[in-house]
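Step one of this worksheet: look at the structure below.
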Ligand code: SF4
Ligand code: FES
Ligand code: FES
């Protein structure tokens with residue numbers, strides 16, 4: 001289906017398929033927290049919900065659907081999704097390891113942790129292990145500088161890390 | 001007003017204004033990249049740092065409001081050091097290869113780095129490079145040069161109201177991009193080229209064709225819509241290199257529509273006609289002016305003596321200059337020919353004798369944004385008059401309520417408070433409903449025969465809502481767009497608009513097509529009036545009637561009826577039958593070669609002097625920027641010499657100014673009775689006989705005149721809707737037709753084969769078909785019933 005050129009070459013989205021009812025309901029819970037004309041404020045939560053429902057990463061179609069649902073320009077959603085390191089635009093492993101390499105963590109030796117992780121997993125930053133278990137990411141300050149170096153995985157922060165502690169954590173994961 | 005001090009001098013300043021605004025006003029230079037007076041303040045480049053007394057750190061002049069007694073130093077040591085450091089940071093990643101950059105010589109970064117940059121860079125690290133986006137045929141990108149000032153993004157967000165570019169990524173990975181593959185489609189997109197302070201966004205057609213210092217600029221007026229945007233034509237010797245906006249706060253501000261910016265690319269089109277051509281014994285030959293003019297004069301004389309003046313029609317483009325319109329009608333009327341017209345697409349002109357001196361906007365263009373309530377009738381305003389659309393967007397951002405009645409739910413970059421999307425033959429009923437709803441509360445004195453017409457009308461809920469909106473607000477405006485003016489019941493719609501205007505104390509205005517409808521009316525290029533509204537002994541035929549009336553001879557000025565006529569099939573049939581057809585045209589086209597007997601090469605808008613009168617009635621004269629190519633000559637000169645050739649008296653003008661001044665005297669002296677506020681409007685509230693599927697026609701933004709049709713970059717732009725038959729899903733289903741299928745459009749004996757596009761925005765039971773395209777040039781009337789078959 002083609003629309004007037006105002007839509008440019010934008011593909012039209014089938015909302016019911018891309019954002020199923022239960023997902024929309026979850027997003028709605030966030031939308032009501034903001035004044036009606038600031039629907040867009042729910043974009044971070046909406047992207048998180050949609051990403052969690054899609055094995056941890058966002059497709060263009062999903063971002064477009066969020067844009068349409070929140071009534072905002074598509075590019076504005078891409079901006080958010082590319083700005084924050086917690087969103088992924090490529091398929092990821094079961095566990096995302098987000099290692100902070102910002103100032104405090106750097107001072108507290110995140111280099112060492114990075115080296116260890118890369119060696120143990122056999123991947124560079126931004127890559128996923130061949131078995132699809134881990135994705136290693138470099139992220140910005142996690143706001144936990146007091147207990148640097150820090151890693152972020154799912155809903156958890158792992159703090160005051162050492163290579164040994166990392167091994168312990170990874171060994172404990174399925 | 002408060003008092004502040006900049007660099008030791010005292011100035012008065014508006015409280016709350018930023019330091020940079022005050023400095024700009026008094027001419028104290030402060031370097032800047034992200035700041036632009038028409039955009040919101042981002043304060044992200046930090047180039048404008050200045051020292052403010054008592055402030056511990058340098059302050060950004062663009063984001064620091066003035067306070068009473070503030071002392072500002074723009075070139076103290078502290079300020080200079082800060083500015084130089086920022087410059088050094090900005091140049092870390094920016095390429096230092098100005099000689100191979102298109103912006104070189106007119107680059108803000110280049111200029112500022114000359115003043116604030118170091119001769120030698122302290123950075124030895126590699127520079128970042130950024131992949132380029134393909135933004136389409138109008139804008140070239142070199143994103144490695146971007147300094148992330150975000151002017152382009154803010155323009156799209158705030159002015160264009162439609163975001164296609166954004167800043168993705170973060171920190172040093174931030175990029176300005178569309179992110180996905182996407183050609184820019186906004187009709188004012190080219191402005192980001194002017195805004196971009198560096199060579200990241202440049203004009204694709206102009207790219208690498210000239211250096212800024214080789215160019216001369218000539219003031220001119222844009223020739224495509226009734227705004228009369230001010231432009232500069234940039235030329236190198238005798239070649240037009242580009243067109244850029246000339247700031248005029250009361251018209252186009254600092255902006256320009258893409259149509260006005262890029263249409264110049266047609267000037268050097270391979271279709272340009274360089275020599276007069278005549279058809280002798282059915283063979284075309286190039287010739288000199290003397291032979292051609294003699295040929296034309298003889299041809300016209302012959303028809304005149306044989307069949308009389310009623311068998312000749314002279315039809316001009318609404319974008320011809322006032323001087324051309326005036327001379328054309330003077331020439332024809334001296335010969336007794338009254339069928340002179342410029343209303344290309346209009347078919348119902350039955351109320352023309354009630355018309356005012358010229359169709360006007362009713363207010364000034366800059367006042368558009370001050371309106372509280374605006375009713376748009378059949379207007380695709382953003383595409384028809386992009387600058388007017390922009391002003392209306394500004395009005396809505398201030399809180400104005402915009403109502404729209406249209407046959408297509410055109411996407412607009414402003415909020416519509418209410419809309420009615422319906423078949424064109426319903427406009428009349430909807431407007432009557434609104435009038436009726438208003439008449440219940442209005443105290444306006446209405447003639448009883450008008451009230452009688454409304455007696456039977458029962459306003460619907462949505463019509464009541466429109467009426468309620470129109471009753472509130474102080475400044476109210478009703479605007480008739482192209483679909484309303486080209487509508488088969490345009491006279492009734494005009495009468496109803498007037499009626500609603502009276503009932504709601506709203507002004508009524510017209511967004512006329514072409515650049516110079518007002519000028520054409522004033523000059524007398526209408527069949528029932530001479531210059532300045534003078535009475536004619538007898539009325540001639542209007543354009544649509546005349547072009548379909550199989551006259552013996554036609555004189556066409558700047559039009560191509562197969563694309564421009566309201567009924568191309570009928571017009572072309574007439575022209576093919578005619579004994580003598582002359583066209584004055586900058587282009588040699590297949591159509592003209594087929595049905596004319598002589599083509600006189602005339603100048604394009606950059607090559608002639610003249611005057612345009614915009615929709616608010618403002619006369620704007622301009623000079624030729626360059627000479628016309630080959631033997632092409634300005635239209636007014638051709639008409640003048642033709643007048644001489646025909647031995648007509650008073651055709652001895654030396655300059656176009658003389659022509660203009662002759663008309664100006666008449667216009668200034670004209671005592672013109674105000675139009676009857678309520679023309680008869682017999683059709684009010686009556687549903688026109690219409691059966692089956694109704695056609696809606698628009699001359700899309702890049703199909704409206706011969707210039708834009710010849711501009712390849714505009715033709716290739718994503719702003720252009722593909723040629724097709726557009727209808728909503730229900731109609732496609734009812735007709736059992738598939739999206740994308742080739743279908744036949746039949747209008748009596750006229751037909752065309754076009755792809756079908758399902759589009760939810762088209763009113764129920766209607767098809768939208770663009771005119772001005774080769775694929776639809778064989779079709780008939782722009783409105784009315786059509787048949788669609790597989
Ligand atoms: S492309 Fe130009 S206007 Fe846009 S952010 Fe970069 S430098 Fe600024
Ligand atoms: S720098 Fe790593 S958490 Fe703040
Ligand atoms: S111009 Fe002031 S920060 Fe950019």
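No lab work stands behind these numbers, since they all come straight from the coordinates. Being a predicted model, the structure only gives us computed values, none of them experimental. Virtual Cβ from ideal backbone geometry, glycine too; neighbours counted across all protein chains shown.
With respect to residue B:20, is the statement that it is within 11 Å of ligand 3 (Cβ to nearest atom), buried (at least 21 other Cβ atoms within 10 Å of the Cβ), within 38 Å of the chain's Cα centre (by Cα) and not in a loop (DSSP other than H, G, I, E, B) true?
Answer is yes for this residue.
Select the helices (runs of 4 or more DSSP H) contained entirely in region B:427-495, then report the ones holding at least 1 residues which are buried (at least 23 other Cβ atoms within 10 Å of the Cβ) and touching a helix residue (DSSP H, G or I) at 6+ places or on another chain (Cβ under 7 Å). Quick ask: steps written out before the conclusion?
Numbers: elements: B:427-441, B:448-454, B:461-471, B:482-485.
Because the criterion is at least 1 residues that are buried (at least 23 other Cβ atoms within 10 Å of the Cβ) and touching a helix residue (DSSP H, G or I) at 6+ places or on another chain (Cβ under 7 Å), the helices (runs of 4 or more DSSP H) in region B:427-495 that meet it are B:427-441, B:461-471, B:482-485.
Report the residue count in region B:148-181 for those that are without any contact (Cβ under 8 Å) to a residue 24 or more places away in the chain and either over 22 Å from residue A:84 (Cα atoms) or part of a strand (DSSP E or B) (or both).
Looking only at that region, the number is 3.
So residue B:29 clears everything in (1) touching a strand residue (DSSP E or B) at 6+ places or on another chain (Cβ under 9 Å); (2) away from ligand 1 (no atom under 16 Å from the Cβ); (3) touching a residue at least 24 places away in the same chain (Cβ under 8 Å) except one condition, right? Which one?
That leaves (1) as the condition not met.
Looking at B:55, B:61, B:42 in this structure, which one is more than 16 Å from ligand 2 (Cβ to nearest atom), more than 14 Å from chain A (Cβ to nearest Cβ), out of contact with any strand residue (DSSP E or B) (no Cβ under 6 Å at 6 or more places or on another chain) and closer than 23 Å to residue B:155 by Cβ?
Values: B:55 fails: closer than 23 Å to residue B:155 by Cβ; B:61 fails: out of contact with any strand residue (DSSP E or B) (no Cβ under 6 Å at 6 or more places or on another chain).
Exactly one residue qualifies, and that residue is B:42.
Of these, A:27, A:13, which one is surrounded by 15 or more Cβ atoms within 10 Å (Cβ to Cβ) and assigned to a loop (DSSP other than H, G, I, E, B)? Break it down stepwise before answering.
On the way: A:27 fails: assigned to a loop (DSSP other than H, G, I, E, B).
Every option except A:13 fails the conditions.
Can you find even one residue in region B:685-700 that is in a helix (DSSP H, G or I), away from chain A (no Cβ under 14 Å) and surrounded by 21 or more Cβ atoms within 10 Å (Cβ to Cβ)?
Of the residues in region B:685-700, the ones in a helix (DSSP H, G or I) are none.
There is no residue in region B:685-700 that is in a helix (DSSP H, G or I), away from chain A (no Cβ under 14 Å) and surrounded by 21 or more Cβ atoms within 10 Å (Cβ to Cβ).
In this structure, does residue B:296 turn out to be touching a strand residue (DSSP E or B) at 6+ places or on another chain (Cβ under 6 Å) and over 20 Å from residue B:520 (Cβ atoms)?
Working: touching a strand residue (DSSP E or B) at 6+ places or on another chain (Cβ under 6 Å): yes; over 20 Å from residue B:520 (Cβ atoms): yes.
Spelling it out, residue B:296 is indeed touching a strand residue (DSSP E or B) at 6+ places or on another chain (Cβ under 6 Å) and over 20 Å from residue B:520 (Cβ atoms).
Within region B:563-586, which residues are over 27 Å from the mean Cα position of the chain (by Cα) and in a helix (DSSP H, G or I)?
Of the residues in region B:563-586, the ones over 27 Å from the mean Cα position of the chain (by Cα) are B:570, B:573-582.
Listed by number, the residues that qualify are B:570, B:573, B:574, B:575, B:576, B:577.
Looking at residue A:106 and the list (1) over 28 Å from residue A:29 (Cα atoms); (2) within 16 Å of ligand 2 (Cβ to nearest atom); (3) within 14 Å of chain B (Cβ to nearest Cβ), which single condition is not satisfied?
For residue A:106, the exception is condition (3).
Looking for something touching a residue at least 12 places away in the same chain (Cβ under 8 Å), within 23 Å of residue B:701 (Cβ to Cβ) and assigned to a helix (DSSP H, G or I) - is there at least one such residue anywhere in region B:184-191?
First pass over region B:184-191, keeping only residues touching a residue at least 12 places away in the same chain (Cβ under 8 Å): B:184-191.
Next, from what is left, pick out any that are within 23 Å of residue B:701 (Cβ to Cβ): B:184-191.
Now narrow it down to the ones that are assigned to a helix (DSSP H, G or I): B:191.
Yes: one or more hits.
Restricting attention to region B:84-141, report how many residues are in a loop (DSSP other than H, G, I, E, B), without any contact (Cβ under 8 Å) to a residue 40 or more places away in the chain and more than 40 Å from the chain's Cα centre (by Cα).
Total satisfying the criteria: 11.
Being away from ligand 2 (no atom under 16 Å from the Cβ), over 30 Å from residue B:410 (Cα atoms) and surrounded by 24 or more Cβ atoms within 10 Å (Cβ to Cβ) is true for just one of B:223, B:197. Which residue is that?
Numbers: B:223 fails: over 30 Å from residue B:410 (Cα atoms).
Every option except B:197 fails the conditions.
Every residue in region B:158-173 that is more than 8 Å from chain A (Cβ to nearest Cβ) and surrounded by 19 or more Cβ atoms within 10 Å (Cβ to Cβ), please.
Result: B:159, B:160, B:161.
Looking only at region B:333-389, count how many residues are more than 30 Å from residue B:649 (Cβ to Cβ) and assigned to a loop (DSSP other than H, G, I, E, B). Give the derivation first.
Going residue by residue through region B:333-389, those that are more than 30 Å from residue B:649 (Cβ to Cβ) are B:344-351, B:354, B:356, B:359-389.
Applying the additional criterion that residues be assigned to a loop (DSSP other than H, G, I, E, B) yields B:344-351, B:356, B:359-364, B:371-372, B:378-380, B:385.
Number satisfying all stated conditions: 21.
Where the second residue is within 16 Å of ligand 1 (Cβ to nearest atom) and the first is within 14 Å of another protein chain (Cβ to nearest Cβ) and lies in region A:132-156, which pairs have Cβ atoms under 7 Å and are six or more apart or on separate chains?
Listed by first residue and then by second, the contacts come to nothing, as the list is empty.
Could you say which residue among B:729, B:721 is within 10 Å of another protein chain (Cβ to nearest Cβ) and closer than 20 Å to residue B:380 by Cβ?
Selected residue: B:721, the only one of B:729, B:721 that is within 10 Å of another protein chain (Cβ to nearest Cβ) and closer than 20 Å to residue B:380 by Cβ.
When region A:40-66 is examined, which residues are found to be within 12 Å of chain B (Cβ to nearest Cβ) and crowded, with 22+ Cβ neighbours inside 10 Å?
Within region A:40-66, just A:63 meets the criteria.
Among the residues in region A:133-147, are any in a loop (DSSP other than H, G, I, E, B) and more than 16 Å from ligand 2 (Cβ to nearest atom)?
So in region A:133-147, the residues in a loop (DSSP other than H, G, I, E, B) come out as A:133, A:140-144.
Those still in the list that are more than 16 Å from ligand 2 (Cβ to nearest atom) too: A:133.
Yes.
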